[in-house]
Amino acid sequence: MRAGPDAVAAYLKEQRWFLDLNRAHDGRFPYQGGAGSSGAEHKYPNWDCTGAFLLSYLLPEGRLFMTGRGVKVKNALRGAELRETIAAGRGFSAWDDGLGPYRALSSAQLLEALKSWSPVVRQRAARILAEHETLPLGELIDKLDALDYESRYGACQAIAALAVRGLPAADHLRDLLWSKDVWLRIQAAEALASIGAPAENVVPDFLKMISEDNESDPRKVVQRYLAFCLFCRNGILGMEGVLSHSLQGVELGELRPAVERILKNPDARARATVGSLYDQLNYEEVKPFLPSVYEAIVEPAPTGVMFSNGIRLEGLELLARHRVEDGMSLCLDILDLESWGKRHRVMRCLRTLRRYGGAAKPILPRLRQVENQLREHRESRSLAPHIEEIVSLISFIEQAPSGEPLRSLR
């Protein structure tokens with residue numbers, strides 16, 4: 001409703017078929033998941049979403065902010081602007097990338113689409129251009145210097161989609177890392193990571209950017225995306241970080257300040273990227289990083305709660321792998337049996353504790369307290385595997401030898 005009544009009407013017209021099919025025989029609106037999706041999207045078949053759908057009937061009243069209260073008429077979408085907005089969002093008819101309609105466009109049309117104000121239009125045009133055998137790379141490089149930012153964003157996205165074939169644009173992209181426009185800097189960095197630009201060329205640039213204190217970026221958004229460009233792994237977010245698999249040629253002393261900053265980034269997903277670094281270092285190499293690792297376990301990121309467990313659990317596993325004593329109590333400190341994600345978090349913590357063997361005997365009293373809490377928990381039935389695990393863990397620790405001496409952060 002924030003875009004005005006005409007926009008609401010246009011959107012509902014596009015969605016009418018879905019709303020009709022979504023309604024059950026008894027009038028309810030059950031949870032459907034994404035169109036054409038399966039697996040994790042259908043874990044909640046019993047959710048009743050009728051209340052959310054009924055909110056749409058309150059739109060004419062405009063009593064709530066979510067249903068139109070306080071909408072400014074000047075912000076309303078109408079006419080050609082509205083039609084263009086609706087067209088920009090078309091094509092996502094299933095749980096996919098909406099690429100189908102763009103495969104019917106010519107190279108000239110796709111290049112024109114790269115100038116769109118809409119990121120999803122630019123992204124889809126970039127992906128399809130990358131499928132063409134004849135690459136307009138020279139034209140894309142020219143667009144990096146366009147007068148309008150949208151064309152420059154689109155060129156970065158298209159070059160990123162080319163992967164290694166976009167390497168000739170590396171120097172031009174590096175120049176954009178110092179643009180005054182934050183989003184252009186981010187797009188250029190992502191393109192450099194995607195095309196596989198040599199680490200010895202781009203890592204110093206990325207580290208310098210991370211070290212900057214930019215008053216115009218108080219939430220460290222640039223730092224967040226640079227973390228993805230450096231350490232993102234396994235194709236998450238569609239990229240492999242420049243340092244996600246190898247630190248060859250990188251001085252750890254130069255890397256450390258950037259890692260410490262990333263581990264304090266307000267976004268949990270940015271922090272989580274550093275986990276790929278943990279797997280590449282031996283104890284002596286990782287030792288200078290451990291105070292920051294510890295702090296990132298104790299203090300979760302303030303945003304991105306869905307991803308906040310990641311780097312905390314990887315940090316615990318790092319401490320256990322190197323037999324750092326401080327990790328044992330931390331495994332219990334962060335259980336938090338009442339917050340989101342507890343099933344995965346609790347199981348990982350218990351399994352991490354097992355790595356300490358008999359050295360964990362001092363925390364047996366706390367483990368028994370946790371066992372009682374799990375048994376008395378209102379969700380004890382669904383936590384049965386965790387209860388079984390903790391009973392097994394207590395028995396294992398009681399009988400296991402202490403093993404190798406523990407290290408301490410103190």
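Scanning the stretch 247-274 for residues that are in contact (Cβ under 8 Å) with a residue 40 or more places away in the chain and not in a helix (DSSP H, G or I) yields a total of 9.
Which is of a type in the set (A, V, I, L, M) and surrounded by fewer than 20 Cβ atoms within 10 Å (Cβ to Cβ), of ALA197, ALA170, ALA193? Going through ALA197, ALA170, ALA193 in turn, the sole match is ALA170. When LEU383, LEU406, LEU364, LEU316 are screened for being over 23 Å from ALA268 (Cβ atoms) and surrounded by 20 or more Cβ atoms within 10 Å (Cβ to Cβ), only LEU383 passes. Only one entry in GLY310, GLY327 is small (Gly, Ala, Ser), touching a residue at least 40 places away in the same chain (Cβ under 8 Å), closer than 25 Å to PRO266 by Cβ and buried (at least 16 other Cβ atoms within 10 Å of the Cβ), namely GLY310. Look at VAL370 and say whether it is touching a residue at least 24 places away in the same chain (Cβ under 8 Å), within 25 Å of ASN265 (Cα to Cα) and among the β-branched types (Val, Ile, Thr). In short, no.
Only one entry in PRO101, PRO136 is at pLDDT below 95, under 24 Å from ALA170 (Cα atoms) and of a type outside the set (Phe, Trp, Tyr), namely PRO136. Applying the selection to the stretch 169-187, what residues are under 14 Å from TYR153 (Cα atoms) and assigned to a loop (DSSP other than H, G, I, E, B)? Scanning the stretch 169-187 gives LEU177, SER179, LYS180, ASP181. The condition of being closer than 27 Å to ARG219 by Cβ and assigned by TED's automatic domain parsing to the domain that holds TRP117 holds for only one of ASP171, ASP175, that being ASP175. Looking at ARG233, is it modelled with pLDDT under 95 and loosely packed, with under 14 Cβ neighbours inside 10 Å? Taking the combined requirement at face value, the residue does not satisfy it. Looking across the stretch 77-118 at every residue that is among the basic types (Lys, Arg) and more than 23 Å from LYS143 (Cβ to Cβ), the one that is surrounded by the most Cβ atoms within 10 Å (Cβ to Cβ) is identified as ARG78.
Scanning the stretch 267-323 for residues that are under 18 Å from CYS229 (Cβ atoms) and of a type in the set (S, T, N, Q) turns up THR273, SER276, GLN280.
For ILE262, are the conditions met, namely being closer than 20 Å to LEU176 by Cβ, among the aliphatic types (A, V, I, L, M) and either surrounded by 17 or more Cβ atoms within 10 Å (Cβ to Cβ) or in contact with an Asp or Glu (Cβ under 6 Å, 6 or more places away or on another chain) (or both)? When the stated conditions are applied, ILE262 does not pass them. Scanning the stretch 313-354 for residues that are assigned to a helix (DSSP H, G or I) and farther than 25 Å from ARG375 by Cα turns up GLU314, GLY315, GLU317, LEU318, LEU319, ALA320, ARG321, ASP326.
The values are calculated or read from the model by the stated rules, or taken from the named source; none is laboratory data. No experiment lies behind these values; they were computed from the predicted model shown. Counting neighbours? That spans all protein chains shown, and the Cβs are built from the backbone with ideal geometry, glycine included.
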